[in-house]
Amino acid sequence: MAAVMPASAASRLLLSGNEAVARAVWESGVRVAAAYPGTPATEIIESLARYPDLYAEWSVNEKVSMEVALGASMTGARAFCAMKHVGLNVASDCLMTMTITGAYGGLVIAVADDVGMSSSQNEQDSRFWGRFAHIPVLEPADSQEAYEMTKFAFGLSEQYETPVLLRLTTRICHVKGLVVAGEREAHEPAGFVKDPQRWVMVPAHAKARIPALFQRDETLRAVSDASPLNVLEAGSNRSVGFVTSGPAYMHVKEAFPDAPVLKLGLSYPWPPEKVRELAALCDTLVVVEETEKLLETEIRAAGIACHGKDVLPSIGELSPQVLHPAVDRLLGKPVPPPAPAAAPPRVFPRPPTLCASCPHMGMYYTLSQIKNIIVAGDIGCYTLGAGHPWNALDTTICMGATMGVALGIDKGRGSVDKNKRILAVIGDSTFMHMGMQGLLDITYNHGNITVLLLDNNTTGMTGGQATPASGKDIHGKEAPKVDLFKIVEALGVPNERIKVVDPYQLPVLFKTVRDEIKVEGPSVIIARRPCVLIDDFKPFRPYLVEEDKCTGCGNCIEVGCPAIHVTHRDKVVKPSGKEVELAFVNIDSQACTGCGLCVQPCAPDAIRHVPRHDIPIHIVKTTSTS
Amino acid sequence: MSTNDITNILVCGIGGQGVMTAAEILAEAAMTEGHDVKKTEVAGMAQRGGVVTSHLRFGRKVLSPQIEPGTVQVLLGFEGAEALRWSHYLKPDGIALVNNARLVPPVVELGLFDYPEDPTGQMRAAGHRVVSFDAMTIARDLGEIRLGNTVMLGAIADYLPFAANVLLACIDKRFARKGEKVVEANRRAFAAGRDAVARQLAASPA
């Protein structure tokens, strides 16, 4: 994607929190910005890549993205990295020492918590990192604040030589609001200065710098008390007052418009004097924070009485609807029961599905047909293989965990599991993020694992970003393309134990998996087909069901394609007396892109190509494989 | 601060249907009218056929981006069962404008769950005002299934606190790059959506 001319200063723009952060990063004169994609933070770097005069990259993982930002900061350049909450776990090794070296050029880390867990394996509160790493934490409440605080963060970082954590949540990242934009400032790097006491973190050097961390906390506490980002609104009804930060502020204002509120923008270190001032102002103090009991614990430890998670939930998103009854109950006010009309109607669940023609379907259909296996899984679209109809994954933990978990199952299993075959499933992008070390551990330690490397040539789950194996960079321009086969071989898998297969060819896939799981020692099956959502995917001629031939066996439904629909159901009694349910199907030819996976298990050969003249307009340009 | 002047619109459907784009265009229209605007969605895995909702709030000053149940003036439903799923968000005097498409997910095809018999009928039985129409057929009759999204925007055009032309101008702007023919096709789709709702209401007042 090419750089576009950014909107001019003073424009009133409708921006998501992610886009607002990107705009502010660009305006702050940042020179280097790096990230690995991760919901809900992905669009920050995606958006930044469209601005001119700035280097942006997809890094292979969050730790590397932070190291890239730190290196840039060492030269005096302003630098930025962005990640989702679990990404900061990966990057934390860098963070915990980077806080000792400190920043030279302004260095800001945006971390986005998936509060409510719309697309993550856990819900964790990234504000803890501020305490753990002794760095200031900023918490915007909407897009305009995300923009302003990002700009403020670079100045704060340079003034106190500290990395700054910009803590976002889904309700910042993915909420669009109005932002008034400004101009880009120029920031020429001052230059790298050789200073081993600062940049070479051996024990003697680090030990000498650690007291400064504690001193920085104290300095910033005073900064926090004086900061205009921490606003005490006196209110008119002082029966209850609130300390709050981030999007929770909006919910407090909506639910209790007249109450005194201390809104924390610079939420760590929090301002002790302002909190005391608020406490003196109101009868009851309630701390409203997403998600854990963090400010509340610290405020209480400072000797200030307050409520918080004793009345509010510690998981999921807060909202006016959650706050109102909880606080009213605390104040002893009557709380009316919810009106019966407010009960949600009962509707079937609609979990996300794999797309029509998704190459992962071939692999999961195959795994669903094989008995006596334990399958470790990983993070990506392909985690959906744990769901219906395949139920093909037995574990999912964190990025790249599949290999280590599979090896542990292999080494730990006793006689109960000794006849089972152990497999590990991982996507191409996750493999390069954190999976390669796990495979090295398997080969080094004689693991008996069959690894299924699902290579769809992209980071699929986050919307199809380029990877080092896709041959494209963040701008879609040509980049060196690493060869996954060679990487796997270099990591110690014997050449003859590496198979490359087409996941649309079910018989080949089935045979390859069956053969490899029988072999002792590690093997890797690379299942290679592009994700249907990227440009590399070219749709094929769609299929239809000849309804008079369909016997209702339902084999095709087990493939799991969302383009296959049941037209009617029936029951028959077999000669054996067994009652069998039948499901007769058709194919939505508008949705079908012709992968042919459903054709292969169809017993009566009832699935054939749509006649050429009936092909939907959006597929006209394509050719058929068969 | 009063929130009485805030308009709450909930757009719902399935990943890939264009729910977020429709909400985005509605947000732009509200913005050009000088309103404060917030738009939010939960769509972590939206491209994967899951449930998608987009909350749009605008008015003098919008605080929380999330809409509370029982406070929606207009529910724009891209699919029948999805409109039913979120119908408890409607205000008693709110209205639901629903494309009566029936998109059945694999979990229903597998026989694990049932698709509701008559989603909009259930909504009416619960006392909601509902106008339903077939946006996909309307779009197909106009020669391009992808116009369904603009048909939906036409359907809501007369239920906004500003003139339909404000919304149409935002649609024009969005497609201007693609040429006059595309703009014209979208104008026809917009008019057809408006017309479908008006005709439904004339035939059987909601």
Can you name the residue in segment A:75-90 that is more than 14 Å from chain B (Cβ to nearest Cβ) and within 26 Å of A:Ile315 (Cα to Cα) and is also surrounded by the most Cβ atoms within 10 Å (Cβ to Cβ) among such residues?
A:Ala82
Determine whether A:Gly438 is among the small types (Gly, Ala, Ser) and either under 21 Å from the mean Cα position of the chain (by Cα) or surrounded by fewer than 21 Cβ atoms within 10 Å (Cβ to Cβ) (or both).
yes
Is at least one residue of segment B:133-150 touching a residue at least 24 places away in the same chain (Cβ under 8 Å), more than 14 Å from chain A (Cβ to nearest Cβ) and touching a Leu at 6+ places or on another chain (Cβ under 7 Å)?
no
If A:Met363 passes every condition in (1) more than 11 Å from chain B (Cβ to nearest Cβ); (2) more than 18 Å from the chain's Cα centre (by Cα); (3) farther than 23 Å from A:Pro530 by Cβ; (4) of a type in the set (A, V, I, L, M) but one, which one does it miss?
(3)
Criterion violated by A:Pro351 - all others in (1) touching a residue at least 40 places away in the same chain (Cβ under 8 Å); (2) facing another protein chain (nearest Cβ under 7 Å) satisfied:
(1)
A:Ala72 fails exactly one of the following numbered conditions: (1) within 14 Å of chain B (Cβ to nearest Cβ); (2) part of a helix (DSSP H, G or I). What is the number of that condition?
(1)
For segment B:122-132, give me the residue count where each residue is assigned to a helix (DSSP H, G or I) and either of a type in the set (A, V, I, L, M) or within 12 Å of chain A (Cβ to nearest Cβ) (or both).
3
Enumeration of residues in segment A:355-365 that are among the aliphatic types (A, V, I, L, M) and under 14 Å from A:Cys592 (Cβ atoms):
A:Ala356, A:Met361
Residues A:Val585, A:Val580, A:Val566, A:Val519: which one is away from chain B (no Cβ under 14 Å) and touching a strand residue (DSSP E or B) at 6+ places or on another chain (Cβ under 9 Å)?
A:Val519
Return the only residue of A:Gly17, A:Gly116 being within 14 Å of chain B (Cβ to nearest Cβ), on the phi > 0 side of the Ramachandran plot and of a type outside the set (Asp, Glu).
A:Gly116
Of residues in segment A:231-260 being more than 22 Å from A:Val175 (Cβ to Cβ), touching a Gly at 6+ places or on another chain (Cβ under 8 Å) and of a type outside the set (Gly, Ala, Ser), the one surrounded by the fewest Cβ atoms within 10 Å (Cβ to Cβ):
A:Asp258
Just give me the residues in segment A:279-299 being closer than 16 Å to A:Pro269 by Cβ and either within 26 Å of the chain's Cα centre (by Cα) or not hydroxyl-bearing (Ser, Thr, Tyr) (or both), in sequence order.
A:Val287, A:Glu289, A:Leu294, A:Leu295, A:Glu296, A:Glu298, A:Ile299
For the structure I just gave you, tell me whether B:Asn186 is in contact (Cβ under 8 Å) with a residue 40 or more places away in the chain and among the polar types (S, T, N, Q).
no
Identify the residue in segment A:511-534 that is among the aliphatic types (A, V, I, L, M) and in a loop (DSSP other than H, G, I, E, B) and, among all such residues, is farthest from A:Met361 (Cα to Cα).
A:Val519
Condition check for A:Gly404: more than 9 Å from chain B (Cβ to nearest Cβ), within 20 Å of the chain's Cα centre (by Cα) and in contact (Cβ under 8 Å) with a residue 24 or more places away in the chain:
no
Give A:Leu491, A:Leu533 a once-over and let me know the one that is surrounded by 13 or more Cβ atoms within 10 Å (Cβ to Cβ) and modelled with pLDDT under 95.
A:Leu533
Inspect all residues belonging to segment A:304-314 and state whether any of them is modelled with pLDDT under 95, polar (S, T, N, Q), farther than 24 Å from A:Ser236 by Cα and under 27 Å from the mean Cα position of the chain (by Cα).
yes
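Each row is one residue, and each column tells you yes or no for (1) in a loop (DSSP other than H, G, I, E, B); (2) farther than 24 Å from B:Glu41 by Cβ.
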{"residue": "A:Ala9", "(1), (2)": "yes, yes"}
{"residue": "A:Leu14", "(1), (2)": "no, no"}
{"residue": "A:Asn18", "(1), (2)": "no, no"}
{"residue": "A:Val21", "(1), (2)": "no, no"}
{"residue": "A:Val30", "(1), (2)": "yes, yes"}
{"residue": "A:Ala33", "(1), (2)": "no, yes"}
{"residue": "A:Thr39", "(1), (2)": "yes, no"}
{"residue": "A:Ile44", "(1), (2)": "no, no"}
{"residue": "A:Arg50", "(1), (2)": "yes, no"}
Only unsatisfied item for A:Ile210, checking (1) more than 14 Å from chain B (Cβ to nearest Cβ); (2) outside any helix (DSSP H, G or I); (3) not small (Gly, Ala, Ser), is (2)
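The values are calculated or read from the model by the stated rules, or taken from the named source; none is laboratory data. Note that the coordinates shown come from a computational prediction; the quantities given were computed from them, not determined experimentally. In this analysis, Cβ positions are derived from the backbone assuming ideal geometry, glycine residues included, and neighbour counts consider all displayed protein chains.
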